[in-house]
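In what follows, a structure is listed as structure tokens, so that the remarks can point back to it.
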Amino acid sequence: MSERDLLLHVKIRRALEARIRSGQWGPGTRIPTEVELCEEFEVSRITVQRALRDLADAGLIVRFRRRGSFVAQAIGQHNLLRFTGLLIQGPETHGDHRVVTAQVLPAHAARLRLPGVPDEEAVVQMERHKLGADGNVINTEVHVLPFRLAPDLLDQPLGPLTTHAYLRDRGVELVRARLYVEPYALSEAEAELFGLPVGASVFRWTRETWTRRGEIAELLEEVVPPRSDRFYVETDLSGSAEHS
């Protein structure tokens with residue numbers, strides 16, 4: 001997808017999201033077809049498909065083959081398996097990013113310490129803010145990766161970048177990811193960023209990703225204030241009887 005298509009799909013996604021969140025399109029509403037949206041926004045079908053996929057990933061719409069796309073009955077539901085990367089086909093979580101800092105530094109100076117990585121080994125650290133549809137910060141991210149696995153990371157477009165996809169594209173074989181969710185009290189700077197009281201209780205998510213060789217590939221930390229969104233994990237039990 002070209003840079004122009006990337007910008008267009010973001011604009012279309014925002015326009016459709018605004019119609020949903022404003023109530024113009026209520027729960028269960030069938031949204032226009034891909035062809036109709038292509039005509040309305042004068043863009044290619046792949047651009048519309050990308051915008052719709054982002055809305056589905058955000059839990060704002062549900063899509064059915066041959067039936068079309070409909071506004072979700074419960075807005076803002078997110079599958080945590082996407083965050084671990086098990087279901088990843090795009091961003092781990094929905095929303096645009098603002099890149100705060102991106103740099104190479106020794107492991108001992110990084111905000112997150114990579115297990116098994118020597119203090120003086122180079123790592124890449126990227127800090128981003130996830131933005132909501134209104135442009136406000138909805139969570140913060142800190143990524144730390146070994147430089148030897150991500151030597152050209154800083155040359156990439158960092159706003160839309162998904163680190164798991166980037167590593168796989170470079171031939172890094174990722175085999176395991178673990179997500180920790182724990183309570184966390186906001187610092188003064190974080191409280192100001194979110195517009196919440198200092199010490200307010202929020203969630204901190206930490207994801208560890210490992211390679212087949214047993215090396216740490218990335219540490220990702222997100223600070224996630226409570227909001228109306230719901231996060232879930234869904235397990236398919238359809239085959240359980242065969243193994244009982």
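Worth a mention:
- Rounded to the nearest 20 debye, dipole of the chain from Cβ charges on Lys, Arg, Asp, Glu: 760 debye
- Spacing of the two label points (7 Å from each Cα toward its C-beta) at Ser44 and Leu196, in nm: 4.1 nm
- Cα gyration tensor, segment 169-217 - rounded (a/c under 1.5), prolate or oblate: prolate
- Of Val233, Val71, Val117, the one that fluctuates the most in a GNM where the chain has Cα springs shorter than 10 Å: Val233
- Selection from Leu219, Thr47, Val172, by position along the positive dipole direction of the chain (Cβ): Thr47
- Between the Cα long axis of helix 3-21 and the first principal axis of the chain there is an angle of about 60°, rounded to the nearest 10.
- Ellipsoid equivalent to segment 118-237 - semi-axes via the Cα gyration tensor, in Å: 27, 18, 15
- Nearest 10 degrees, 0 to 90: helix 45-57 Cα axis against the chain principal axis: 70 degrees
- Overall, the accessible surface of the chain at a probe of 1.4 angstrom is composed of carbon and sulfur to the extent of 50 percent.
- Positive-end residue, the chain charge dipole about Cα centroid, Cβ charges, pick of Gly195, Phe231, Gly116: Phe231
- Mean accessible surface per residue for the chain, computed with a 1.4 Å probe while every protein chain stays in place, in Å²: 54 Å²
- Its Cα gyration tensor gives the chain an equivalent ellipsoid; the semi-axes, largest first and in whole Å, are 32, 21, 20.
- Lys/Arg +1, Asp/Glu -1 at C-beta; the chain dipole; positive extreme among Leu16, Thr209, Ala102: Leu16
- Within segment 108-140, trypsin sites (Lys or Arg not before Pro) in DSSP loop having at most 15 other beta-carbon neighbours inside 10 Å: Arg111, Arg113
- Two-site FRET efficiency, Arg170 against Thr29, from Cβ-Cβ distance with R₀ of 45 Å, rounded to 0.05: 0.60
- The loop-placed GluC sites (Glu not before Pro) in segment 1-74, going by DSSP, that have at most 12 neighbouring Cβ atoms within 10 Å of their Cβ come out as Glu42.
- Restricting segment 98-180 to GluC sites (Glu not before Pro) that sit in a DSSP loop and have at most 16 other Cβ atoms within 10 Å of their own Cβ leaves Glu120, Glu121, Glu173.
- With contacts taken as Cα pairs under 8 Å at a separation of at least 6 residues, the chain carries a relative contact order of 15 percent.
The values are calculated or read from the model by the stated rules, or taken from the named source; none is laboratory data. Just so it is clear, the model here is predicted, and its values are computed rather than measured. Backbone-built Cβ (ideal geometry, glycine too); neighbour counts: all protein chains shown. Each accessible area value is taken on the protein alone, full model and side chains, heavy atoms only, with ligands, DNA and RNA left out. Shrake-Rupley method; radii C 1.70, N 1.55, O 1.52, S 1.80 Å.
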